[in-house]
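Data block below; observations after.
The values are calculated or read from the model by the stated rules, or taken from the named source; none is laboratory data. Source: prediction; values computed, not measured. Cβ placement follows ideal geometry from the backbone for every residue including glycine, while neighbour counts extend to all protein chains displayed.
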C-alpha cells in the first residue's frame with residue numbers, strides 16, 4: 001500500500017499480550033490505549049449565590065496533570081440543582097443524580113443561577129486548580145454564602161490521550177448531559193453515583209484513590225449509556241459500532257491491526273463488496289477504512305512508544321509496518337514528531 005498505508009508484516013513483534021488482543025470490543029480497545037487516568041477529584045458543598053468556572057483543557061491540563069495531553073471533566077449532582085453554561089450556548093439545568101461530561105476541553109461554568117459571573121482572572125482560577133491537584137486544599141470545598149437550597153456536587157477531571165487518534169472523544173458531543181436513570185439499582189451508572197455519594201462522605205484512608213478509580217469507571221459508563229442512545233441515523237464512530245457491517249469491520253481491524261489488510265480483504269471478512277463497505281464506512285466513521293486503520297495503528301504505536309516497549313523498529317512491526325522508515329514517516333505526519341522523540345518526551 002502506498003503513502004501512509006503500510007506494508008503489513010503480520011508479525012506482532014512487541015509483547016504478544018499487547019499486540020494480539022482479541023479486539024472484539026473496540027470501545028474497550030480505545031479506552032485502554034488512550035490511557036484514561038484519574039487526575040483530580042473533590043466535592044463541592046455550595047449555597048447560593050455561587051459559581052465555579054473551569055478553563056479550557058489546554059490551559060487546565062498543565063495546572064492539574066502536566067503529563068497528560070487532554071483533560072475530560074465531569075460532575076455528579078448529588079443534591080440540589082444548578083446550571084451549566086458553555087460559551088454562547090443556552091444554559092443547561094442539572095438536577096440531583098444527573099451527570100455532566102465535558103469531553104472536548106471547552107471552558108464552562110456551574111452556578112446557582114445561569115447569569116452569574118465570578119470575575120476571577122484565568123491565573124486565579126488555574127492557581128486554585130493547581131492547589132487542589134497538589135492536595136493543598138481541603139477535599140470538600142465550601143462555596144457561596146447564602147441561605148437558600150444547598151448543592152452537593154462531585155467534581156472529577158480525567159486525563160487521556162487525544163493524539164494521534166481518539167475516536168471516542170471525537171464521537172462525543174461538546175456537552176454530554178446524562179440524567180439519573182429511573183431505576184438506578186439496576187443501572188451501572190446509578191450504582192456508581194450512589195457509591196460516589198457514600199465514599200465522598202467517608203473519611204477512611206484511601207478515599208481519594210477509590211474516588212479516582214470510580215471516576216474512571218463513571219466516564220466509561222457514561223460513554224456506554226450514550227452509546228445505547230445512538231442510532232445508525234446519527235452517524236459517527238459510536239453509531240458505527242452498532243451498525244452490523246461497520247461494526248464487524250471495526251472488530252476485524254482492532255482484532256488484528258498488524259494484519260496486511262486491504263479494502264478487498266476487509267470486504268470479504270464483512271461479506272460485502274468493497275464499494276458498499278467504503279460508502280458505509282465513510283457514512284459512519286467519516287473516513288475510508290484504510291485511513292481509519294492507519295490512524296488506529298499509529299495510536300497503538302503511540303501507546304507502545306510511551307510505555308517504552310522496545311525499539312522503534314519493533315513497534316513498527318507490532319502495528320503492521322515492515323519498514324521502519326515508512327512507519328516513521330506516517331507517525332511524524334500524524335503527530336508532528338518522530339517516533340523516538342514521542343517516546344523520549
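Listing for the model above:
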item: Flag if residue 297 is closer than 30 Å to residue 72 by Cα, modelled with pLDDT of 90 or more and either surrounded by 20 or more Cβ atoms within 10 Å (Cβ to Cβ) or in contact with a strand residue (DSSP E or B) (Cβ under 7 Å, 6 or more places away or on another chain) (or both); result: yes
item: Every residue from the range 275-291 that is under 17 Å from residue 172 (Cα atoms) and outside any loop (DSSP other than H, G, I, E, B); result: 283, 284, 285
item: Unmet criterion (only one of (1) at pLDDT 90 or above; (2) surrounded by 19 or more Cβ atoms within 10 Å (Cβ to Cβ)) for residue 239; result: (1)
item: Qualifying residue in the range 249-263 (condition: free of Cβ contacts under 8 Å to residues at least 12 places away in the same chain, out of contact with any strand residue (DSSP E or B) (no Cβ under 6 Å at 6 or more places or on another chain) and not assigned by TED's automatic domain parsing to the domain that holds residue 170); result: no
item: Boolean, residue 259 is assigned to a loop (DSSP other than H, G, I, E, B) and surrounded by 15 or more Cβ atoms within 10 Å (Cβ to Cβ); result: yes
item: Residue 238 vs. criteria part of a helix (DSSP H, G or I) and either within 16 Å of the chain's Cα centre (by Cα) or over 14 Å from residue 98 (Cα atoms) (or both); result: yes
item: Only one of 320, 286, 310 that is modelled with pLDDT under 90 and closer than 20 Å to residue 266 by Cα; result: 286
item: Segments classed as helices (runs of 4 or more DSSP H), wholly inside the range 161-231, with at least 3 members that are at pLDDT below 80; result: 188-200, 207-229
item: Members of the range 70-90 that are in a strand (DSSP E or B) and within 19 Å of residue 141 (Cα to Cα); result: 73, 74, 75, 76, 77, 78, 79, 82, 83, 84
item: Qualifying residue in the range 116-137 (condition: part of a strand (DSSP E or B) and surrounded by 14 or more Cβ atoms within 10 Å (Cβ to Cβ)); result: no
item: Only listed residue being in contact with a strand residue (DSSP E or B) (Cβ under 8 Å, 6 or more places away or on another chain) and part of a loop (DSSP other than H, G, I, E, B), chosen from 67, 93; result: 67
item: From 105, 144, residue being within 20 Å of the chain's Cα centre (by Cα) and on the phi > 0 side of the Ramachandran plot; result: 105
item: Subset of the range 325-345 that is assigned to a loop (DSSP other than H, G, I, E, B) and more than 19 Å from residue 291 (Cα to Cα) - its residue that is modelled with the highest pLDDT; result: 338
